[in-house]
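The values are calculated or read from the model by the stated rules, or taken from the named source; none is laboratory data. As the structure is a computational prediction, the values presented were derived from the model and not from experiment. Heads up, the Cβs are rebuilt from the backbone with ideal geometry, glycines too, and the neighbour counts pull from every protein chain shown.
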Amino acid sequence: MDTIASLFSFITTPVSWVIVQFHKVYGAIFGPDTGWAWGLSIVSLVVLIRICLIPLFVKQIKSTRNMQALQPKMKAIQERYKSDKQRQSEEMMKLYKETGTNPLSSCLPILAQSPFFFALYHVLSSIASGKEIGVIDGPLLASARQAHIFGAPLASKFTDTAAEVAALDASLTSVRIVTAVMIVMMSASQFFTQRQLMMKNVDLSVKTPYMQQQKMLMYIFPVIFAVMGINFPVGVLVYWLTTNVWTMGQQMYVINQNPTPGSKAQDAYLGRLLKSVTHHGEVKGRRRKSVVKVIVAKGGDRNENERRFFTGLSKAGFAAQADGTVIKSDTIVAETESGAAAKRQQPKRQTKAQRQAAAAQQAVTKDAEEGSEPAAEQATTSLEKKPQGSAKADAEVETKDEAKDQAQGDKPARPRANSGGSRQGKSGQRKGQQRPKHPSSKK
C-alpha cells in the first residue's frame, strides 16, 4: 500500500493543504488538537471531492443505463462473431459509437477519486510515523498525532501492536473497537448502496448477464473492503466511511428522482407523480414536466410502468401534452367510464330456447302493462264470441273459392273447415293438409 501511495505523492501537497485549511476553521470551534477538528477536516475534504465529481457521477449513471440497454445487442454480436474476435471487437466499438456509450464512464468516479484516497493514506501514514508531509509541518504534525476520535488516534490501525498504539497515547482495546465498528459500517453502507441499486433501480424487463455480475459484486465488494479495512488508519476509515455514506445518499436521491426506466423505482416515482397531478390538477416542477415530455415522445415504445401511468391519467380525466403539461378532458373520463361499463355489462350468451322464452315473457309483460289481453286469449275470445252469421258467411266464401279452383282445373278443392275452425285428419291418416291426387288416378 505504501508503494501505491507513493505513486500519488504528487497530489499529497494539495490534499494536505486542503486539510489544513479546514482544520483552521474547525480548530477555532472545537480546539486545534481535538479529534473533532481533524476528523471534520477529513469529512469536509470528502464532501469537497465528491461535489467536484458530480459531473462524472452523472456520466456514470448514463453510461451504466446505456450498458444495461445494450446488453442484448452485445450478446447477439458475441454469438454471431464468436469465432472472429477481431470482427467482434469492431462491431462492439461500432455499437458504442452509434449509441454514444463509453464503457469506462461507469468507472470514472472511482478512478478520479483514487488519487485523493491514496494521497490521504500517504499523509496519515506519515503522521503516524512522525514525518512531515506537504504543508503539515512540526506543530501541525504534533497536533494531528494527539487527535483522537472516540479514543482512537487518527493514524492508528486495527493491526497495530500495543506498543505502536501506546506511542500514540491510546489503548489497543479502544483502537480495535473503534476500527472494527467503522469497518463494519463501511462494509454495510457499501452493501446497502449496491443492494438498493440492484433491487430498485434495474430494468426488470431486460434479463442480461450484466445483472448477475452486479449481483455478485454486491456481495464481493463489502468483503474486499472489510479485509482491506483492517490495514487502514482511522483517518482513512473516516474518509472511506464518509464517501460511502455520501454515495448511498446520492444513490437514493437518483433512485427517487431519476430512476431507471422499467425499474421498480420508476413505477414508484410515476405513482407519486400521478398522485401529485390528480391532487393539484397540473404537473408541478420543470423536472417533472421534462419526465412527462420524454414519456409522451416515446409513443408506442413506452414500458409497462409508463403505460400504467398514462392509464391512470386517463381515468383521472387528464391528457398529457407534448410539452410535458396535462389538460383536463371530460371526454376521456366519459369514454373510459363507458368503456368500463360496457365491459362489465356484457351479457352471457343464451340459447335459442332461452331467447324465445324471454321474448314471450316480455310480450306478456307488455300486454299486462298496457291493460290488454294476450294475443292467444284474444284469439280464443274472438272465436268463442263470433256470431253465427259471420260463420255462415265465411263458409259461403270458402265454397266459392273451391268452385273457382275446380273451374281452373289446376288445383283440387280445399277441404272444408269444421265449425270449430280447426283442421283435423281422419283416423289413421296424417294430420294437416294432404297431398292432392292426380285426376287420372283411381280412387
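Here is a check on your reading of the model: is residue 50 modelled with pLDDT of 85 or more and not in a loop (DSSP other than H, G, I, E, B)?
yes
Restricted to region 113-132, and to residues that are more than 16 Å from residue 236 (Cα to Cα) and at pLDDT 80 or above, which residue is surrounded by the most Cβ atoms within 10 Å (Cβ to Cβ)? Quick ask: steps written out before the conclusion?
Keep residues of region 113-132 that are more than 16 Å from residue 236 (Cα to Cα), which gives 130-132.
Right, trim to at pLDDT 80 or above and you get 131-132.
Numbers: 131: 11, 132: 13.
It comes out as 132.
Can you find a residue that is assigned to a helix (DSSP H, G or I) and closer than 29 Å to residue 17 by Cα anywhere in region 89-108?
Yes, the conditions are met somewhere in region 89-108.
Within region 260-309, count every residue that is in a loop (DSSP other than H, G, I, E, B) and hydroxyl-bearing (Ser, Thr, Tyr).
2
Does residue 83 meet the test of being more than 30 Å from residue 143 (Cβ to Cβ), outside any helix (DSSP H, G or I) and of a type in the set (Ser, Thr, Tyr)?
yes
Would you please list the contacts, defined by Cβ atoms under 6 Å and residues six or more apart or on different chains, that run from a residue in region 213-239 that is assigned to a helix (DSSP H, G or I) to a residue that is modelled with pLDDT of 85 or more and of a type in the set (S, T, N, Q)?
221/190; 222/187; 222/190; 225/187; 225/190; 226/187; 234/156
Before we move on, is residue 186 in contact (Cβ under 8 Å) with a residue 24 or more places away in the chain and of a type in the set (A, V, I, L, M)?
On the way: in contact (Cβ under 8 Å) with a residue 24 or more places away in the chain: yes; of a type in the set (A, V, I, L, M): yes.
So residue 186 fits the description; yes.
Here's the yes/no breakdown for (1) polar (S, T, N, Q); (2) at pLDDT below 90; (3) under 20 Å from residue 254 (Cβ atoms):
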| residue | (1), (2), (3) |
| --- | --- |
| 286 | no, yes, yes |
| 290 | yes, yes, yes |
| 295 | no, yes, yes |
| 301 | no, yes, no |
| 308 | no, no, no |
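Out of all the residues in region 3-21, is one or more part of a helix (DSSP H, G or I), modelled with pLDDT under 75 and crowded, with 17+ Cβ neighbours inside 10 Å? Walk me through how you get there before you give the answer.
Of region 3-21, the ones part of a helix (DSSP H, G or I) are 3-7, 9-21.
Filter once more, keeping what is modelled with pLDDT under 75: 3-7, 9.
Among the residues that remain, those that are also crowded, with 17+ Cβ neighbours inside 10 Å are: 5.
Scanning region 3-21, I find at least one residue that is part of a helix (DSSP H, G or I), modelled with pLDDT under 75 and crowded, with 17+ Cβ neighbours inside 10 Å, so the answer is yes.
Given the conditions (1) touching a Leu at 6+ places or on another chain (Cβ under 9 Å); (2) modelled with pLDDT of 85 or more, and given that residue 218 satisfies all but one, which numbered condition is not satisfied?
Status for residue 218: all satisfied but (2).
Could you tell me how many of the residues in region 246-302 are crowded, with 17+ Cβ neighbours inside 10 Å and of a type in the set (Asp, Glu)?
Residues flagged as crowded, with 17+ Cβ neighbours inside 10 Å and of a type in the set (Asp, Glu) within region 246-302 amount to 1.
Could you give me the residue pairs with C-beta distances under 8 Å whose first residue belongs to region 316-332 and is on the phi > 0 side of the Ramachandran plot, whose second residue is polar (S, T, N, Q) and at pLDDT 85 or above wherever it lies, and which are 6+ apart or on separate chains?
Once the first residue is on the phi > 0 side of the Ramachandran plot and sits in region 316-332, its partners that are polar (S, T, N, Q) and at pLDDT 85 or above give 324/290.
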